[in-house]
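Engineer: Can you read through this structure? Questions will come right after.
The values are calculated or read from the model by the stated rules, or taken from the named source; none is laboratory data. Note that the structure is a prediction, hence the values are computed from the model and not measured. Cβ sites come from the backbone with ideal geometry, for glycine too, and all protein chains shown count toward neighbours. Surface accessibility is based on the protein's heavy atoms, side chains included, excluding ligands, DNA and RNA. Shrake-Rupley method; radii C 1.70, N 1.55, O 1.52, S 1.80 Å.
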Amino acid sequence: AKARGRNGYAFYAPSMDGEGLERLRLETLLRRALEKNEIWLAYQPQVEIDSGRLIGVEALVRWNSPELGQVGPDRFIPLAEDIGFINQLGEWVLEEACRQLTRWDQAGLYVPKIAVNLSARQLDRGGLAGTVERVLRETRLPAHRLQLEVTESVIMNTGDAMQYINDLHAIGVELAIDDFGTGYSSLAYLKQLPVQTLKIDRSFIKDISTDANDEAIAIAIIQLGKSMNLAVIAEGVETGEQAAFLLRHGCRRAQGYLYARPLPPAQLQAQWGHQHHA
Ligand code: C2E
Ligand code: CA
Ligand code: CA
Ligand code: CA
């Protein structure tokens, strides 16, 4: 949107054009979505490739808007960040994910870990460790069953990221680097962070059997994880061929449509409920 020239009218301000109105509408609806129970969490299984065993789930936020239909997180998470709504939303996600894990525990479905995505705004405010501690206390969840996923850009764009991440580590929660390989973090940086898991970005997995570069990158990440003693999980695994490739190169964990789509909690329980506590 551009200003309409020197003698344009005040009511043609840039925020009042079609795009601006659309965004304003989205913003208004999003702010009310939480209290109207339009927001929910889908859970995508993470599995051990050779055994098919469930090792964890990733919580992925969903918005069913009566006015707009299904809105994807790629659309409303950046908006939530822009309008200062992400902390409220992020805290709800954290609470709900932890509550769900205890619900499954009580129902006899043992999901070892729950992974929750963090946005930059949540980390750089500080105080996140306090919130995480409170949620764990209230849900009585052992800290090691919660894994927080941060992207490289979240880390690089947060002043004091190292401090905040150390605070989270001190509580005992696990940390995963999401979309690994797409950002620009240095390996030296990685070495200093108390990270347990690398998630190979879906973009490298997609063409693994046809693109030599992607193949090389995936192998390099697996090797890096091995030498740094980190768990490596591949995301976006859609074919048996991709899974076989990963296994052949020493990556034993995966997440993707080959195993399951992100599912509502009841559906996850129905499909994975036969896996009981070891
Ligand atoms: P992400 O964290 O990288 O999540 C993985 C995305 O890949 C999810 O998209 C998931 O549905 C999709 N996916 C999983 N397996 C496959 C597959 O085999 N093939 C393909 N093509 N896609 C697959 P989704 O749920 O639309 O989420 C998009 C992004 O939104 C997430 O990317 C994450 O960055 C963000 N997001 C989602 N939930 C939250 C949340 O609670 N908080 C924050 N801060 N961000 C979230
Ligand atoms: Ca993620
Ligand atoms: Ca990811
Ligand atoms: Ca992503």
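Engineer: Taking the Cα centroid of segment 52-91 and of segment 224-278, what is the distance between the two, rounded to the nearest whole Å?
Structural biologist: 21
Engineer: Using modelled backbone amide H atoms (1.01 Å from N, in-plane), which distant-in-sequence or interchain residues come within less than 5 Å of Gln46's amide H?
Structural biologist: Here Ile55, Gly56, Val57, Glu58 satisfy the definition.
Engineer: Of Ala231, Ala254, Pro194, which is farthest on the positive side of the dipole of segment 181-268, counting Cα position, with +1 on Lys and Arg Cβ, -1 on Asp and Glu Cβ, and the Cα centre as origin?
Structural biologist: Pro194
Engineer: For segment 46-115, what % of the accessible area comes from carbon and sulfur atoms, probe 1.4 Å?
Structural biologist: On the way: 1230 of 2780 Å².
Carbon plus sulfur share of accessible area: 44 percent.
Engineer: Expressed as a whole percent, how much of the Cα-Cα distance distribution for segment 161-218 exceeds 13 Å? Don't skip to the end; give the middle numbers.
Structural biologist: Working: 1088 of 1653 pairs.
I get 66 percent for the Cα pairs in segment 161-218 exceeding 13 Å.
Engineer: Under a GNM of the chain (C-alpha, springs under 10 Å), which listed residue has the highest mean-square fluctuation: Gly90, Gly18, Gly256?
Structural biologist: Fluctuation is largest for Gly18.
Engineer: Per residue, how much accessible area does segment 28-84 have with a 1.4 Å probe, in Å²? Mind dumping the intermediate values first?
Structural biologist: Numbers: 2560 Å² over 57 residues.
Accessible surface, normalised per residue, equals 45 Å².
Engineer: Might you report the magnitude of the Cβ-based charge dipole of the chain about its Cα centre, with Lys and Arg at +1 and Asp and Glu at -1, to the nearest 20 debye?
Structural biologist: Working: 29 positive and 35 negative charges, 83 e Å.
In total the dipole reaches around 400 debye.
Engineer: Among Gly108, Gly159, Gly20, whose mean-square fluctuation peaks in a Gaussian network model of the chain (Cα, cutoff 10 Å)?
Structural biologist: Gly20
Engineer: Tabulate in residue order the Karplus-calculated ³J(HN,Hα) for segment 217-228, using 6.51 cos²θ - 1.76 cosθ + 1.60 with θ = phi - 60°, rounded to whole Hz; enter x for Gly and Pro.
Structural biologist: Coupling constants for segment 217-228: 5, 4, 5, 4, 5, 4, 5, 4, x, 4, 6, 9 Hz.
Engineer: Shifting gears a bit: From the phi angles alone, apply the Karplus equation (6.51, -1.76, 1.60; θ = phi - 60°) to segment 155-161 and give each ³J(HN,Hα) in whole Hz, x where the residue is Gly or Pro.
Structural biologist: Result, ordered by residue: 5, 6, 8, 10, x, 6, 3 Hz.
Engineer: Ratio to report: Rg/Rh of the chain, with Cα atoms as the point set and Rh obtained by the Kirkwood method; give two decimals. Don't skip to the answer; put the middle values down first.
Structural biologist: On the way: Rg = 20.4 Å, Rh = 20.3 Å.
Across the chain, the Cα-based Rg/Rh ratio is 1.01.
Engineer: Just Asp179, Asp74, Asp211 to compare: in a GNM of the chain, with alpha carbon springs under 10 Å, which one fluctuates most?
Structural biologist: Looking only at Asp179, Asp74, Asp211, the biggest GNM fluctuation is shown by Asp74.
Engineer: Quick check for you: with a 1.4 Å probe and neighbouring chains kept, what is the accessible area per residue of segment 122-235, in Å²? List each step's numbers first, then the result.
Structural biologist: Values: 5290 Å² over 114 residues.
With the other protein chains kept in place, segment 122-235 gives 46 Å² per residue.
Engineer: Still on this structure: What percentage of all Cα-Cα pairs in segment 234-278 are separated by more than 13 Å?
Structural biologist: Numbers: 605 of 990 pairs.
When every Cα pair of segment 234-278 is considered, 61 percent fall beyond 13 Å.
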